[in-house]
Each structure stands twice: as C-alpha cells, then as structure tokens.
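Undergrad: Quick one: the structure is below, and I'll ask about it shortly.
The values are calculated or read from the model by the stated rules, or taken from the named source; none is laboratory data. Remember, it's a predicted structure, so these values are computed and weren't measured experimentally. Cβ coordinates were reconstructed from backbone atoms using ideal geometry, including for glycine residues, and neighbour counts include every protein chain displayed. Quick note on the areas: whole protein, heavy atoms, side chains included, nothing else; ligands and nucleic acids left out. Shrake-Rupley method; radii C 1.70, N 1.55, O 1.52, S 1.80 Å.
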Amino acid sequence: MKKYFTLSILFLQVCIYCSAQNSTLKGVITDTTSKENLSNATISLLRAKDSILYKFTRSDAKGNFQFKNIDSGKFVLLITYPKYADFADFVTVTDTSKLNLGKIPLILKANLLQDVIVRSAVSAIKIKGDTTEFLADSFRVQPNATVEDLLKKLPGIQVDKNGTITAQGEKVQKVLVDGEEFFGDDPTLVTQNLRADMVDKVQVYDKKSDQATFTGIDDGQKEKTINLKLKDNKKNGYFGKANLSAGTNGYHDSQLMFNDFKGKKKFAFYGIVSNTGTSGLNWQDQSSYGDDPLSNADVGDNGGISISINNDLDGLDFWSGQYNGQGRPLVQTGGLHYNDKWDDDKQSINGNYKALDLHVNGSSATRSEFILPDTLYFNNDKQSFHNQILRNRLNGSYEYQLDSSSSIKITADGGIDHKITDLIDSSEARASDSSLVNNALRHTSTTGDNKVLNSNLLWRKKFKKKGRTISFNLRENYSNNTSTGFLYSNNNYYLHGELAKDSLTDQFKTNNTESISLDSKLTYTEPLSKVSSLVFNYGVAVNNSASTVRSFNKGNDAKYTALDSLYSNHYLFNIL
C-alpha cells in the first residue's frame, strides 16, 4: 500500500510539472518594407529582472518561431537580424499562457534616424545609429571567463572553434580595446586573453576608413569591428593569466599573458608554447605583407597600378606559412604591446611587436578506387612534409593633433620571414588486375626570405565651413623576396605492365623579386548642400618592380650549372 501511495505522489508531481511547463510563445518575423517573412532570425528570451538569457531559437524558412515549456514570469523578447534594427518588447507568461504575437515587423537600419535608440527600455542592448551596444554585466558568464566566452552569450554574435568572430552575419576584422588596436590584427589575442569581468560595454559597428570619418563622406570602405569599453576601475592596475597543460603522446600547451593598465597607458605581453594546434596560430597578415603567390596587376581607385609578381618557383613554395589544420604543429610565439595618450590627448602612440617560430610536420596516405563503365583502376597516394617559418613583425602609429582643425598621423609596419619547406609526394595507379598504369615521385624543397617595410603619412585639415576639408596622403611599400629550391619529378607510364614512357625533371631554381612603390593623394571636399558634396582627388603613383627566376639543369659535371631558358625569366616593371 505504501508503495502505491509513493507512486501516486510521484505521478501527481509529474502532472503538476507538465501543466506548469505548458506555456508557449510564437510569432512570425516579417519585413516592414517588402512584407516578406524573414528566415533564420535570432529570437531570444531574456529575464526581465536581470536581462540574463533564458532561451533562444531561430525562425524557420517561413519566418515562424515558437518557444515551448516556458516558466512563468516577465521576459524581454529580443529579435535580431543582419542589417535590421533589433526588436525588443516585454512579455508576461503565466502557467497556461499560449501567446501568439502574430506578425512582428523589423525595420531596416537604413530607415532609422541617426542616434535613435530602439526600445530603450531594454538596458542590456541598445542600438545607436549603426552601433549595437551590449551591457556586459547583463550576460552571465562563469568566473574568470574570457571575452570570447562573453561574446558567445551575445545575440547576433557567433565564435567558431578557431576563435573567428561573426557579428550580424559578417566576419569581425578588428577587436579594439577602448578604441585602440591591441596587438594589431589578431582579434583572438584580445578575446582569448582579456577577462570578461573587465568589460563594461561591447560595441559592434562598421568601422569607416580614417578618411570617411574625417570628412563625413562615406567612401564605401568599412570593417566589421568590435570595441571593448573597459570599466573605469579596471583601467588601473595589472593582471595576467598563466595556463599550463600536458597530455599523452607528448602534447602540451603553455600560455602566459601580462597586462599593466594605468589610465590611458596600456602595456601587455604574451608568450605561447604549444603543439596542440589551438593557440597562437591565428596570424592573418599574409596578404598585408605581400606574401601572396598569385600574379596580378590591379588598377586602384586613384588610378595607380599595383603588381604582385609570381615568386613561387613553379609551385615549389606551396606553404602559406600558417597552420591549416594538417600535420602536427609546434609553435613558440610571443608579443609586446604599448599604447599611450598625453598632452590632453593631442598626441598618441600605439606599437606592437610579434615573433613566431612555427614547425609543422605531417604525412598522409590515400587509397582511391575508380569505377568507370569500361574499366576499373586504383590510385595510391602518399605525402610527407616538413615546414618551418621564423616570422617577426613590428608595427606602430603616432598621431599629433596640431590644432583643433588639423592633425598628422604616421604609421609604419615591417617584417622579416625565413621559411623552409620540404615535400615528398608519391603516387601510383593500378588496373583491376593490379598491373601498373603509371607512377610518380615528386620532391620539392625551398628556403626563402621575405622582407617588407610599409609606411604612411596622412595630413588632414578642416575649414570653418562644415564639410570643407583638405588632406594629403603619402604611402610607401617596399618588399624583397629571395628564395632557392630544388625540384625533382619522375613520372613513368606503363602499357600492359611494361614501361612505355618516362619523364624526369631535376632542377635547381633561384628567385629574387623586389618591389618599391610610392603613392601620393590629395583630397578636397566641398559641401554643395545638406545632402550633397563634391570630392576632388588627385594622385601620383610610382611602382618599380623587378623579378628574376633562374632554373638550372644538371650539367656534365653533375652540378646544377646548365641554365634552362624555358623555365627562366626576367621582368622589369616601371609604372607611373
């Protein structure tokens, strides 16, 4: 009898719980202009008392969404969608609520008035113009959580396993700290090392170019940017973190970061030693430093021509210098950062130095079977590679506000790479009876150095008439690439199992590419009315480049002394 009584009590509790969790909330997301339903919109429920995220979902292909089994209480319904203003409203849920909000219209940001806060009753999230601002303390994270952990909690922001941030459907290019760059162009150094409890507000916006910010005339150049505004009580003092970990098979990961903040002065350094492939491998400066192996010539907006010479030694330089998830990496990297403002913020300086020693070794084997209407054959491929790069980067900027209407800004960056690559690739194809069809062996190795120096001078002045400005920009880019490499390629073709044809390439290659360019630009803006302006540009660009590639076959002395003119070239480009 006691047993049946206990079961009855449990059954009654389950029934009560189910009835209490029977509340639902649904609606349809639409566009106010086109009246079309919006799919994949992000719908979040936040607790009204503390703005902590309770539940979230996405709208389906027809714009519908639904929440089930909602606790009773007062919530904030928040809806976000790329290029649309966020929608927020209060909803009250009871134990048996079945709320149908019907069609919920979203407004394009382009249709909003500048500096209007949408539904400002929600303190956790605000929209001001094209900036979405999140109050960090409104989103709960674990103690000692990083900024990356905080970003994962914010609606409309996603962070993947590599630390890449996407906001409002676009990849975030920069993460600033109090409006200043922190360790240059690697957002993960900020998000994975600064603590979440230091952040007061997270601001997401499209950062305009310096010229567009100065003139107020949009030139179409924008970067999706996140700015972390620190709490005042976190801007003075020092803090850091150290992580040490090790596992079986020799895996280890060690990280150290130290920060010393005093008002507007910030100093930081970090160091990483790891072979797990998860830390310190996110440098994305390949194209910025001219390490792009593709040849092209592009005409710029100011009529100047930029040229990139193919310096990959006929495909020998196969490695970009970054870890791409293949092989076993060993990274030793570190960096320094310093920025400061003084003289009533008239002068400011920002500098970064980073060094990287990366080794990547790996191998792979692939067996493929091809079934065709009239035949069957197999392919076997094996590959092993050993790559190494020693990379140094230095960049900085100095800005001086000459007076209330004019300023000068100087930026510079440079770097040196020393790269060694080695690749062995073998393959064979066999018929259905296991007889050889063809086989190949390819062995390439290169050693190269890449030196880069870029600088930029920008002078700007505003006149008394609003919108009337003049600016002058002088830019310099210099690069020097030298490399040597060996190519051994042996291909054999068989007929009925007997060797029918072979091809052998055994060469030593040298390459030298040097490029220097100067680009000057004068810009004048004149307002014609409240809604129109005249922009006048005049620029002079000089680009001088030279490329020399030499290929040598083995001579009679078994040394690489015989020049192969077919695979050798020499180019000169002088462009005004």
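Undergrad: Can you give the Rg to Rh ratio for region 190-263, taking only C-alpha atoms and Rh from Kirkwood? Mind showing how you got there, number by number?
TA: Numbers: Rg = 18.4 Å, Rh = 15.7 Å.
Radius of gyration relative to Kirkwood radius: 1.17.
Undergrad: Check cross-link reach from Lys98 to the lysines: straight Cα distance under 29 Å, and skip same-chain residues fewer than eight apart.
TA: Lys26, Lys35, Lys49, Lys55, Lys62, Lys68, Lys74, Lys126, Lys153
Undergrad: Calculate one ³J(HN,Hα) per residue across region 161-177 by plugging θ = phi - 60° into the Karplus curve 6.51 cos²θ - 1.76 cosθ + 1.60, and present them in order as whole Hz with x for glycine and proline.
TA: Those phi angles translate into 5, 8, x, 5, 9, 10, 10, 6, x, 10, 6, 7, 8, 9, 10, 9, 10 Hz.
Undergrad: What does the accessible area per residue of region 330-382 come to in Å², with a 1.4 Å probe and no ligands, DNA or RNA counted? Present the calculation step by step, with values, prior to reporting the outcome.
TA: Details: 3110 Å² over 53 residues.
Accessible area per residue: 59 Å².
Undergrad: Which aspartates and glutamates, on any chain, are close to Lys409 with Cα under 12 Å apart, when same-chain ones fewer than 8 places away are left out?
TA: Cα-Cα hits under 12 Å: Asp210, Glu399.
Undergrad: Still on this structure, I have one more. With a ≥ b ≥ c the root eigenvalues of the C-alpha gyration tensor of the chain, is it rounded (a/c under 1.5), prolate (a/b larger than b/c) or oblate?
TA: On the way: a/c = 1.99, a/b = 1.29, b/c = 1.55.
Note, shape of the chain comes out oblate.
Undergrad: As a test, work out the antiparallel percent of DSSP beta bridges whose residues both lie in the chain, rounded to the nearest 5. Each step should come with its number before you reach the end.
TA: Numbers: 258 of 269 bridges.
Counting only bridges with both partners in the chain, antiparallel ones make up about 95 percent.
Undergrad: Here's something else I'd like to know. As a quick test, which of the pairs Lys128/Lys222; Lys419/Lys509; Lys224/Lys465 have an alpha carbon distance above 20 angstrom in this structure?
TA: Values: Lys128/Lys222 17 Å; Lys419/Lys509 16 Å; Lys224/Lys465 31 Å.
Listed pairs above 20 Å: Lys224/Lys465.
Undergrad: Related question: Counting only protein heavy atoms and using a 1.4 Å probe, what share of the accessible area of region 460-575 belongs to carbon plus sulfur, as a whole percent?
TA: Values: 4180 of 7410 Å².
Carbon with sulfur: 56 percent of the solvent-accessible area.
Undergrad: List the lysines whose Cα lies under 18 Å from the Cα of Lys235, skipping any in the same chain that are fewer than 8 positions away.
TA: Lys201, Lys262, Lys264, Lys265, Lys266, Lys341
Undergrad: As an exercise, identify the chymotrypsin sites (Phe, Trp or Tyr not before Pro) in region 186-258 lying in DSSP coil whose Cβ has no more than 10 other Cβ atoms within 10 Å. Before the final figure, lay out the partial values.
TA: Numbers: sites: Tyr205, Phe214, Tyr238, Phe239, Tyr251, Phe258; in loops: Tyr251.
In loop regions of region 186-258 (DSSP not H, G, I, E or B), there are no sparsely surrounded chymotrypsin sites (Phe, Trp or Tyr not before Pro).
Undergrad: Using alpha carbons only, how many angstrom separate the centre of region 254-271 from the centre of region 422-488?
TA: 32
Undergrad: Still on this structure, please answer the following. When the Karplus curve 6.51 cos²θ - 1.76 cosθ + 1.60 is applied with θ = phi - 60°, which whole-Hz ³J(HN,Hα) does each residue of region 225-237 get, with x for Gly and Pro?
TA: My calculation for region 225-237 gives 10, 10, 10, 9, 8, 7, 5, 4, 6, 9, 8, 10, x Hz in order.
Undergrad: Computed over the Cα atoms, what is the radius of gyration of region 39-82 divided by 2.2 N^0.38 Å, N being its residue count? Could the numbers behind the result be given before it?
TA: Details: Rg = 10.9 Å, N = 44, 2.2 N^0.38 = 9.3 Å.
Normalised Cα radius of gyration, region 39-82: 1.17.
Undergrad: Does anyone have the angle between helix 2-20 and the longest principal axis of the chain? Alpha-carbon axes, 0 to 90°, nearest 10?
TA: It works out to around 80 degrees.
Undergrad: Run the accessible area of region 42-84 with a 1.4 Å probe and give the carbon-and-sulfur part as a rounded percent. Intermediate values should be presented prior to the final figure.
TA: Numbers: 1020 of 2130 Å².
Carbon-and-sulfur percentage of accessible area, whole number: 48.
Undergrad: Would you kindly derive the ³J(HN,Hα) couplings of region 557-574 from the backbone phi angles with the Karplus curve 6.51 cos²θ - 1.76 cosθ + 1.60 (θ = phi - 60°), listing them in order in whole Hz, with x for Gly and Pro?
TA: After applying 6.51 cos²θ - 1.76 cosθ + 1.60, I find 8, 6, 10, 7, 10, 8, 5, 9, 5, 5, 10, 10, 7, 8, 10, 10, 10, 10 Hz.
Undergrad: Between Ser565 and Lys264, what FRET efficiency comes out of the Förster formula 1/(1 + (r/R0)^6) with R0 = 41 Å and r the beta carbon distance, rounded to 0.05? Before the final figure, lay out each step's value.
TA: Values: r = 61 Å, r/R0 = 1.49.
So, using R0 = 41 Å, E works out to roughly 0.10.
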